[in-house]
Amino acid sequence: MAKIFSGIQPTGQLHLGNYLGAIKNWVELQDTYDCIYCIVDYHAMTIPYQPDQMQKNILEAAADLIAAGIDPQKSILFIQSHVPEHTELAWMLNTVTPLSELKRMTQFKDKSKQFPENVNMGLFDYPVLQAADILLYSTDKVPVGEDQIQHLELTRLIARKFNQKFGETFVEPEVLLTKTPRVMSLKDPSKKMSKSLGPAHYIALTDKPEIIQDKIKKAVTDTGENSAEVSPGVQNLFTLLEIFGRAEVYKKFTAEHQAGKIKYAELKEELGQAISDYFADFREQKQKLLANPEGLRDLLAQGTKKAREIAVKNIKDIKNKVGL
Ligand code: AMP
Ligand code: TRP
């Protein structure tokens, strides 16, 4: 079976962008592929964070993923820092990574702007650690959102460079995108939905129904008069309605929009309800999981054991290739 690997940082709750751009795909891929999913805590250290919150965030990420449908019996779910081979490989990959390529990375530039007091070496080297995560497991496909394409291209380049220098070792992994690889912010639909913009811009999967309704109500639309064009804000709401709403409801509103007769308040009411209903089970599952942190830690320990078996075997081969 082809191999899937992906990772997510433990930085608090998941939002609709994470879910539709990546996690929903992770869940669906479990039946057709060998899947490995990783909570990347070393990556989360590259931006300012509180050490005493890290363990809580890791458990929350695990609960999020399992509540969303990742099955630790089917897939390997584990914590990056518990498998030291990731950082070992990152060092070796550093030696074949051109500095000029790292300097081009837009995520590094964005985060440097966002945290000008903390432009650290880890942030710069972040994509190489990401490449190590992926290449360590002979990954064929990597399900991520659109913002990660550049990192995946670099991963392929690093694999190629390494193979050229040390002999055929790594598979060049491909990106797997969903139908919604870039979900937009509710308040500023010219930007991607992200936590760093503030709570009004995103819907967290754990948001309560009244919060969801309120955030959707305040989402940017347009005047509804120019039916020839769909504004970015309205397009974003339509995209969400198509996924979460019933087909006939989606059809009704798009037809009304074309006819220039749409009432956005009605659309928003329907959409808010549909999102709340869709995640009702998720909210309940997540609470149950978090009520049993020992159980979660146990599941992660089992995942670590399985991941490590593969990592230890592969790193041996890689070290052999480089003469260590
Ligand atoms: P992050 O929370 O930024 O570490 O992202 C975790 C995963 O969600 C990655 O695969 C991202 O590409 C994806 N993602 C984050 N924000 C969005 C968004 N607004 N639309 C689609 N995918 C996203
Ligand atoms: N950089 C990814 C993000 O911000 C997280 C990540 C780390 C990752 N390692 C990975 C994603 C390996 C896919 C594969 O979302």
* How many nm separate the modelled label positions at Val312 and Glu101, each set 7 Å beyond the Cα in the direction of the Cβ? -> 3.1 nm
* Determine which aspartates and glutamates satisfy two conditions relative to Lys161: a Cα distance under 12 Å, and not lying fewer than 8 residues away in the same chain. => Glu172
* To do: Post the alpha-carbon centroid distance, the stretch 103-120 to the stretch 247-324, in whole angstrom.
  => 27 Å
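Ranking request for peptides 192-199, 131-138: highest mean number of other beta-carbon atoms within 10 Å first, then the rest in descending order. Kindly include the intermediate steps, with their values, before the conclusion.
On the way: 192-199: 16.0, 131-138: 24.5.
Per-residue Cβ counts within 10 Å, averaged per peptide and sorted highest first, yield 131-138, 192-199.
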* Structure fact -> Per the charge dipole of the chain (beta-carbon charges, Lys/Arg positive, Asp/Glu negative, Cα centre), the residue among Thr304, Leu157, Thr95 reaching farthest to the positive end is Thr95
* Asked: Based on DSSP, what percent of beta bridges with both residues in the chain are antiparallel, to the nearest 5?
  -> 10 percent
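For a protection proxy built on the mean count of beta-carbon atoms within 10 angstrom, sort 277-286, 140-149 highest first, please.
Details: 277-286: 15.7, 140-149: 19.7.
Answer by packing, highest mean first, reads 140-149, 277-286.
If the only charges are +1 at each Lys and Arg Cβ and -1 at each Asp and Glu Cβ, what is the size of the charge dipole of the stretch 195-281 around the Cα centre, to the nearest 20 debye? Intermediate values should be presented prior to the final figure.
Working: 11 positive and 14 negative charges, 24 e Å.
Around 120 debye, computed over the stretch 195-281.
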* Tell me, what is the FRET efficiency for Gln302 and Ser190 to the nearest 0.05, using R0 = 51 angstrom and their Cβ-Cβ distance as r? -> 0.75
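Working from the alpha-carbon coordinates of the stretch 247-294, get Rg over Rh, Rh being the Kirkwood radius. All intermediate terms of the calculation are to be shown ahead of the outcome.
Numbers: Rg = 16.8 Å, Rh = 12.9 Å.
Radius of gyration relative to Kirkwood radius: 1.30.
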* Structure fact -> Mean accessible area per residue over the chain (1.4 angstrom probe, all protein chains present, square angstrom) is 49 Å²
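Stretch Asp31-Glu146 to full length: gain in nm at 0.36 nm per residue minus the Cα-Cα span?
My answer for the length gained is 39.1 nm.
Starting from the Kirkwood Rh over alpha-carbon pairs, what translational D in µm² s⁻¹ does the chain have by Stokes-Einstein at 20 °C and 1.002 mPa s? Before the final figure, lay out the partial values.
Numbers: Rh = 21.0 Å.
My calculation gives 102 µm²/s for D.
Stretch Val322-Asn94 to full length: gain in nm at 0.36 nm per residue minus the Cα-Cα span? Can you show the working numbers first?
Values: separation 228, 0.36 × 228 = 82.08 nm, distance 1.28 nm.
Gain on stretching Val322 to Asn94: 80.8 nm.
The values are calculated or read from the model by the stated rules, or taken from the named source; none is laboratory data. Since this is a predicted model, take the numbers as computed values, not measurements. Quick reminder, even Gly has a Cβ in these numbers, built from the backbone with ideal geometry, and neighbours come from all protein chains shown. These area figures cover heavy atoms from the full protein model, side chains too; ligands, DNA and RNA do not enter into them. Shrake-Rupley method; radii C 1.70, N 1.55, O 1.52, S 1.80 Å.
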